[in-house]
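**Student:** First the structure, then my questions, so here it is.
Every number here is computed from the coordinates shown, using simple stated rules; none is lab data. Everything numeric here is computed off the predicted structure, so don't read it as measured data. Every residue, glycine as well, gets a Cβ built from its backbone with ideal geometry; the counts of neighbours run over all protein chains shown.
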């Protein structure tokens, strides 16, 4: 699938015990599906850098925070754990189409300011190890 049709791209993967779930398993979105603590941390880190997002929300697969750029492009960071683990995390960037059926998607690069802020936050967090940063470098749309 071409990048122009893609709505979701992986941008980071890492390990950290800091974002392990605080609440018991029966309180989670789904069994072994975590990410609330990571999503709240991301929202707070973005706010510290002057970038407003939504409060985190959950889906069956994990958690996300959304935002709009000043130009009106809409994006979200999707946060979740890997393989049912409580110390292995993945973050993806999603773009939302501006027309019916997801048409007229903004370029991923329109989210660069938020992506750069996320990268800086992840790199500054001492509990994070084995950070694999995919970012936006390979994209052209």
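**Student:** Fewest first, what order do 108, 96, 75 take by the number of other Cβ atoms within 10 Å?
**Tutor:** Final ranking by Cβ density, sparse to dense: 96, 75, 108.
**Student:** Please arrange 90, 79 by how many other C-beta atoms lie within 10 Å of their C-beta, fewest to most.
**Tutor:** 90, 79
**Student:** Among (i) 1.00; (ii) 0.96; (iii) 1.03, only one was calculated for this model; which label is it, if the read-out is Rg/Rh (Cα atoms, Kirkwood Rh)?
**Tutor:** Read-out from the structure maps to (ii).
**Student:** Still on this structure: If you stretched the chain out fully between residue 6 and residue 134, how much longer would it get, using 0.36 nm times the residue separation minus the C-alpha to C-alpha distance? Please report the intermediate quantities before stating the final value.
**Tutor:** Numbers: separation 128, 0.36 × 128 = 46.08 nm, distance 1.54 nm.
So the extension gain works out to 44.5 nm.
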